[in-house]
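Student: Pasting a structure below so you can have a look.
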2 protein chains.
Amino acid sequence: MRLSRFFLPILKENPREAEIVSHRLMLRAGMIRQQGQGSVSWLPLGKRVLDKVCAIIREEQDRSGAQEILMPTIQSADLWRESGRYDAYGKEMLRIKDRNDRDMLFGPTNEEMVTDIFRAYVKSYKDLPLNLYHIQWKYRDEIRPRFGVMRSREFLMKDAYSFDIDYDAARSAYNRMFIAYLRTFARMGLKAVPMRADTGPIGGDLSHEFIVLAETGESQVFCHKDYLEFAIPGEDTDFSDIEAMEKTVRHWTSLYAATDEMHDETAWNALPDDVKIDARGIEVGHIFHFGEKYSAPMGASVTGPDGKEHNVSMGSYGIGPSRLLGALIEANHDENGIIWPESVAPFDIALINMKAGDAECDAVCEKLYAAFTEKKRDVLYDDTDQRAGGKFATADLIGLPWQVIIGPRGVASGEVEVKHRRSGERFNVSLDRVVDEVLARSNKA
Amino acid sequence: MRLSRFFLPILKENPREAEIVSHRLMLRAGMIRQQGQGSVSWLPLGKRVLDKVCAIIREEQDRSGAQEILMPTIQSADLWRESGRYDAYGKEMLRIKDRNDRDMLFGPTNEEMVTDIFRAYVKSYKDLPLNLYHIQWKYRDEIRPRFGVMRSREFLMKDAYSFDIDYDAARSAYNRMFIAYLRTFARMGLKAVPMRADTGPIGGDLSHEFIVLAETGESQVFCHKDYLEFAIPGEDTDFSDIEAMEKTVRHWTSLYAATDEMHDETAWNALPDDVKIDARGIEVGHIFHFGEKYSAPMGASVTGPDGKEHNVSMGSYGIGPSRLLGALIEANHDENGIIWPESVAPFDIALINMKAGDAECDAVCEKLYAAFTEKKRDVLYDDTDQRAGGKFATADLIGLPWQVIIGPRGVASGEVEVKHRRSGERFNVSLDRVVDEVLARSNKA
């Protein structure tokens, strides 16, 4: 993409309304536009990152055996009356009346609807396990939306729902998602620690929040430092190996990790000080087993091997991709701007032409643009006539992993300068080797 | 994907509520579930087609120079008050109040919001032309939603908006979209004819509906038969060549083509009978130039080369991907089910194991599954223990382009049977040649 044709409205000033760094940087880098309270438009740069984040989420959901569907945003109130939540849900639910005065709502979540889909079609234990997910806009009428995408009213959510014949099978489904989440966040360059979360009246130990440590995190968290070095399950993970899954999850829940809400001072104090991390955290995912909470009132049952009807045992698994962009920036930035992990960067390379209009610089840039593109790298080619300082500031601000800088002096000597955004490292490399060199140093698959 | 693990709830009976064939087949093939009035859930098979349709739309929008953004579904009423449409829009607009009693609405379209984005950032003619599009859910509270995805209340829409300094530039933007639309529909295997549409109080000739001819179409259309043989602009189309674009659009608007609304009996009667097509049609796209209708009241202007402020000249360009699936099926089916064009088929190949559990049949199927997958073909592998008749019926119903049938007799003789869903042609081919043979006959890039 040529910057001269790319809609990238960079803001020079820090927007006053932005209280946290991710909100500030997303506005300044032209990723989003605040569109009324708790709602944003995604501009081209932001949309590209959102797509890359969703692609990783999809790949890992699919790998673990979940299947993608897409439910509508507007739901009938009747479904929610069946579960009893229409009255129980507070003012966060956006209630709507249609032209015929029927009660509807903008879904804040989809347990009822997906249970309705399940009960319409699935009748036998032979069709289980089943895990259906979708990535769809949700609406929660927050009393105080703020922090850009971190606490908005309209937000994107990946929500998966598992259906199983009994608790043991549901626990395996839970383990699969647990591992899919570990992989998902790790692939985005995030160290997310699963922490026990409150299961409320459901009880049991099957609820975890995945928390990214970041100074600007919204809540206090406490965890054993070894979690940060735990190995992430590999791409070759066998999701049908029930025992291996259980073992992995046990390993990942063996040490202390708790949010403020679930913090146990006594257990914490028993730990040696040098293993304790007491930090701020951002919740990026939440998985939850809730058993028959919806299947029982809504009559979602299957015939078991014993010939009897069994209410299915369910769980739900959420990640907010729009919110995740905020968390990614909170965990990856410096004073000059964003530093994207390579896997989710909107472009891989900023190709900076220091003297656009100069025949030789233009020719070299065009050649490199084509060469990187051929290697499946996304290039943002700065072909504008802005001054050098502005070009560097923009490249740093939008945080592309690699800057490849072409100027008349380098072209004359057959060399280009490369800057690695994360480390700040700069090096010169010959023109004919620059593509291979950047690819070799890149950690992108 | 293995059918034994794929959530594909085939219906054996024709659903009573489905009045038209696309609705009936989408329900029967387990593509969608009707989710209350005018709203559907997309099940895995339907979601796959929707994704493929959207991917083609995106590629052609991007190719023509449009850029993807993503605006929220919920909009503030204030924006619509600026354009005067909040009061003018009738009961089709879903009006909502939030917890603070502020007026909001579920966007039926996005002219106001995109104009707001434009005016916030773009100040100079140098940043033009600009065309921003998004693919987002819309809501129109239809008085009588019906026909499944063809007339629903919640539907997916690709809407693009062009911004230009004056009428001439806006006309070029219109031409680019006109050509992008020709390419988009052609790539999906649809013959879509652009027909002049009513421009209402705006006037001028820059409004076209793209109509697919189908017996079950919703409206009567009249067109010259030569349109059906007109060449589609190629992949190498130069969208910066203003004159070539104009010439192509003139060619594609040179013959008679009109919907019922715009029909001119006199002009029609002047045509020889053997060139007349008087048929039913389905609208699949609509492009429209509306000049300063929104830019003037909303103050979206740029400084021109003359140093003066100019209200930008705008156009909008819509395709409904969810509706398009209905049109695709209306135009591509027979008595046994859907016949997907290869470019949008949910899977390319139905690999049918006639004796699942038989070691040799299983081994051959696994081998072919891997071989097709390696060639980037999507395979739905029927590894179930259903009877042969049921397997064939399912394959025909869901309409995958190719059926590759593996039975014990074939395996013994080293041959497999292949069926081409569209032509019904069947042929035998040796096991080691079947992948190459299917690929060679396929028209998929």
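Student: How about the stretch B:113-155: which of its residues are under 19 Å from the mean Cα position of the chain (by Cα), within 21 Å of B:T184 (Cα to Cα) and facing another protein chain (nearest Cβ under 9 Å)?
Tutor: Answer for the stretch B:113-155, where residues must be under 19 Å from the mean Cα position of the chain (by Cα), within 21 Å of B:T184 (Cα to Cα) and facing another protein chain (nearest Cβ under 9 Å): B:L132, B:H134, B:Q136, B:W137.
Student: Somewhere in the stretch A:81-92, is a residue facing chain B (nearest Cβ under 9 Å) and either in contact with a Leu (Cβ under 6 Å, 6 or more places away or on another chain) or crowded, with 22+ Cβ neighbours inside 10 Å (or both)?
Tutor: Within the stretch A:81-92, none of the residues are facing chain B (nearest Cβ under 9 Å) and either in contact with a Leu (Cβ under 6 Å, 6 or more places away or on another chain) or crowded, with 22+ Cβ neighbours inside 10 Å (or both).
Student: Right, another one. Spot the failing condition for B:I143; the list is (1) of a type outside the set (K, R); (2) modelled with pLDDT of 95 or more; (3) under 24 Å from B:T216 (Cα atoms), and only one is missed.
Tutor: Result: B:I143 passes all but (2).
Student: Output the residues belonging to the stretch B:120-134 that are part of a strand (DSSP E or B) and crowded, with 16+ Cβ neighbours inside 10 Å.
Tutor: B:L130, B:N131, B:L132, B:Y133, B:H134
Student: With the structure loaded, tell me whether B:N110 is among the polar types (S, T, N, Q) and more than 10 Å from chain A (Cβ to nearest Cβ) or whether it fails that test.
Tutor: No.
Student: Can you name every one of the strands (runs of 3 or more DSSP E) wholly within the stretch A:233-308 that holds 1 or more residues which are at pLDDT below 95 and touching a helix residue (DSSP H, G or I) at 6+ places or on another chain (Cβ under 6 Å)?
Tutor: Because the criterion is at least 1 residues that are at pLDDT below 95 and touching a helix residue (DSSP H, G or I) at 6+ places or on another chain (Cβ under 6 Å), the strands (runs of 3 or more DSSP E) in the stretch A:233-308 that meet it are A:276-291.
Student: Right, another one. Among the residues of the stretch A:310-333, which ones are in a strand (DSSP E or B) and either in contact with a Lys or Arg (Cβ under 9 Å, 6 or more places away or on another chain) or of a type in the set (G, A, S) (or both)?
Tutor: Result: A:S313, A:M314, A:G315, A:S316, A:Y317, A:G318, A:I319.
Student: Additional query: Any residue in the stretch A:201-214 that is part of a strand (DSSP E or B), away from every other protein chain (no Cβ under 14 Å), over 20 Å from the mean Cα position of the chain (by Cα) and under 25 Å from A:T109 (Cβ atoms)?
Tutor: No, the conditions are met nowhere in the stretch A:201-214.
Student: Within the stretch A:425-444, count every residue that is among the aliphatic types (A, V, I, L, M) and without any contact (Cβ under 8 Å) to a residue 24 or more places away in the chain.
Tutor: The number of residues fulfilling the criteria is 2.
Student: Further question on the same structure: Just to be sure, is B:Y369 without any contact (Cβ under 8 Å) to a residue 24 or more places away in the chain and surrounded by 19 or more Cβ atoms within 10 Å (Cβ to Cβ)?
Tutor: For B:Y369, the condition - without any contact (Cβ under 8 Å) to a residue 24 or more places away in the chain and surrounded by 19 or more Cβ atoms within 10 Å (Cβ to Cβ) - is met.
Student: Follow-up question, since we're still on this one. Inside the stretch A:135-157, can you point out the residues that are surrounded by 22 or more Cβ atoms within 10 Å (Cβ to Cβ) and assigned to a strand (DSSP E or B)?
Tutor: A:Y139, A:E154, A:F155, A:L156
Student: Restricting attention to the stretch B:156-189, which residues are farther than 30 Å from B:P305 by Cα and either within 14 Å of chain A (Cβ to nearest Cβ) or of a type in the set (G, A, S) (or both)?
Tutor: B:L156, B:M157, B:K158, B:A186, B:G189
Student: Could you figure out which of (1) buried (at least 23 other Cβ atoms within 10 Å of the Cβ); (2) of a type outside the set (D, E); (3) within 11 Å of chain A (Cβ to nearest Cβ); (4) within 30 Å of B:G217 (Cβ to Cβ) isn't true of B:Q34?
Tutor: So the condition that B:Q34 fails would be (1).
Student: Which residue is farthest from the chain's Cα centre (by Cα), if the candidates are limited to the stretch B:37-63 and must be away from chain A (no Cβ under 11 Å) and among the basic types (K, R)?
Tutor: Across the stretch B:37-63, the extreme among qualifying residues is B:R63.
Student: Right, A:K97: closer than 23 Å to B:P108 by Cα and either touching a Gly at 6+ places or on another chain (Cβ under 6 Å) or surrounded by fewer than 21 Cβ atoms within 10 Å (Cβ to Cβ) (or both) or not?
Tutor: So A:K97 passes the test.
Student: Follow-up. Mind listing just one residue for me: the one in the stretch B:7-22 that is touching a residue at least 60 places away in the same chain (Cβ under 8 Å) and closer than 13 Å to B:I398 by Cα and, of those, farthest from the other protein chains (Cβ to nearest Cβ)?
Tutor: Per the criteria, the residue is B:S22.
The values are calculated or read from the model by the stated rules, or taken from the named source; none is laboratory data. A quick note: this is a predicted structure, and the numbers were derived from the prediction, not measured. Reconstructed Cβ throughout: ideal geometry from the backbone, glycine too, with neighbour counts over all protein chains shown.
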